[in-house]
Amino acid sequence: MKSGSKFERILTAGHFAFTGELGPPRGSNIQVIKEKAAPLKGMVDMVNITDNQTAMVRMSSWAGALILAAEGLEPNYQMVCRDRNRLAMQSDILGAYALGLRNILCLSGDHQKFGDHPNAKGVFDIDSIQLVGMVKKMRDEGKFLGGDEIDEPPKMFIGAAANPFAQPFEWRIHRLAKKVAAGADFIQTQCVYNMERIREWIRMANDMGLTEKVYILPGITPLKTLGMAKYMKDKVPGMDVPDETIKRLEGVDRKKVADEGIKIACEQIEEFKEMKGVAGVHLMAIGWEHKVPEIAERAKVLPRPEV
């Protein structure tokens with residue numbers, strides 16, 4: 001075992017993983033996290049705590065992760081390269097591990113120009129692939145990036161993100177391969193709507209032997225409204241919402257669009273359960289945490305395994 005986290009134990013035991021996500025509040029109100037966490041208990045194996053998502057100031061991801069852990073859920077501590085240099089990153093990783101965090105997701109971070117402080121200086125001292133490699137060096141070699149020895153290395157289960165829908169498509173699998181080579185233990189993807197594209201991406205990952213080296217969890221985000229689907233399709237870079245999905249939502253009564261969105265998500269999860277090279281799914285409910293129990297039940301991923 002690399003970290004001994006519950007998430008790692010579930011994956012290594014061969015179970016289909018089911019993870020969730022929670023965005024910290026734009027303030028210091030702990031109750032917000034507790035309320036979002038409540039419906040996730042017993043439903044998911046691990047919960048991502050986002051790090052200033054969409055470049056908006058929020059409670060720090062490590063603090064949110066500790067609150068979540070106190071609520072009985074296993075956190076996935078996110079870290080973006082946008083806001084810290086390598087000294088601050090390594091310092092935070094040591095602190096997070098010392099306080100009990102065992103999973104980390106290494107990300108570049110949304111560019112600050114899209115957030116609430118567009119004039120902020122982006123750090124980007126290292127990129128997400130280098131961050132993966134740095135955490136691996138700290139864990140496996142017991143050394144800082146500068147080469148000095150670490151007194152008790154942080155044994156973290158290392159995650160990275162992948163977007164199979166960005167262009168050029170043929171290069172996306174090679175970027176995945178770079179993250180695997182750098183030391184990623186698991187991969188969580190961008191929200192999946194184009195199933196034809198993800199099937200091809202997973203096929204390529206299988207053919208290259210990548211799925212034998214890393215656990216892949218496609219991202220699932222249920223569409224709440226027709227407006228959300230159209231916004232995802234037209235306004236969000238790197239998102240791929242097929243016309244067929246839009247038409248399917250247009251074909252139901254407006255009051256039933258949310259239910260149809262959940263139905264689509266559950267159909268995706270059912271297919272991923274049977275897809276070679278897929279180790280689980282990552283559910284990003286985005287403010288719909290109270291729907292996670294319903295989605296988990298309808299997708300037939302309950303009860304969650306205890307390992």
Practice task
Any chance you could give the angle, 0 to 90 degrees and rounded to 10, that helix 195-207 forms with the longest Cα principal axis of the chain?
Solution key: 40
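Taking the convex hull of the alpha carbon atoms in the stretch 136-194, what volume per residue do you get, in Å³? All intermediate terms of the calculation are to be shown ahead of the outcome.
Values: hull volume 5.2 nm³, N = 59.
Expressed per residue, the convex hull around the Cα atoms of the stretch 136-194 is 88 Å³.
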Exercise for the section: State which entries of K2/K273; K136/K224; K121/K263; K155/K178 exceed 30 angstrom in Cα-Cα distance in the structure shown. Expected result: K136/K224; K121/K263
Practice task
Go through R9, R203 and list them by solvent-accessible area, largest first, probe radius 1.4 Å.
Solution key: R203, R9
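Using just the helices of the chain, give the 222 nm mean residue ellipticity in deg cm²/dmol: DSSP H runs with n ≥ 4 each add -39,500 (n - 2.57), and the total is spread over all residues, rounded to 500. Kindly include the intermediate steps, with their values, before the conclusion.
Numbers: 11 runs with 117 residues, N = 307.
Computed ellipticity for the chain at 222 nm equals -11500 deg cm²/dmol.
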Practice task
May I ask you to give the percent of accessible area on the stretch 186-238 that is carbon plus sulfur, with a probe radius of 1.4 Å?
Solution key: 48
Handout entry: Contact order relative to length of the chain, as percent, for alpha carbon pairs under 8 angstrom and 6 or more apart
Key = 20
Handout entry: Cα gyration tensor shape for the stretch 80-232, rounded if a/c is under 1.5, else prolate or oblate
Key = oblate
Completion exercise
Probe 1.4 Å, heavy atoms of protein chains only: per residue, the accessible area of the stretch 153-233 in Å² is 39
Practice task
Count the DSSP beta bridges whose two residues both fall in the chain, then state the antiparallel fraction as a percent rounded to the nearest 5.
Solution key: 5
Problem - Spread of Cα-to-Cα distances over 20 Å intervals beginning at zero, given as percent, for the chain - result: 33, 61, 5, 0
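According to the Cα gyration tensor, what semi-axes, each the square root of 5 times an eigenvalue, does the equivalent ellipsoid of the stretch 20-81 have, listed from largest to smallest in whole Å? Show your work: numbers first, answer last.
Values: eigenvalues 62, 32, 17 Å².
Those come to 18, 13, 9 Å.
Would you work out if the stretch 204-307 is rounded, prolate or oblate? Take a ≥ b ≥ c from the square roots of the eigenvalues of the alpha-carbon gyration tensor; rounded if a/c is under 1.5, else prolate when a/b is larger than b/c, oblate otherwise.
Numbers: a/c = 2.19, a/b = 1.39, b/c = 1.58.
Since a/c reaches 1.5 but b/c is at least a/b, the shape of the stretch 204-307 is classed as oblate.
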Problem - Under 18 Å from K6, Cα to Cα: aspartates and glutamates that are on another chain or at least 8 residues apart - result: E21, D45, E71, E74, D185, E306
Practice task
Take the Cα pairs of the stretch 13-130, get the Kirkwood Rh, then feed it into Stokes-Einstein at 4 °C and 1.567 mPa s and tell me D in µm²/s.
Solution key: 88
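The values are calculated or read from the model by the stated rules, or taken from the named source; none is laboratory data. The shown structure was predicted, so the numbers you read here are calculated from the model rather than taken from an experiment. For the accessible areas, the whole protein counts, side chains as well, though only heavy atoms, and no ligand, DNA or RNA atoms are used. Shrake-Rupley method; radii C 1.70, N 1.55, O 1.52, S 1.80 Å.
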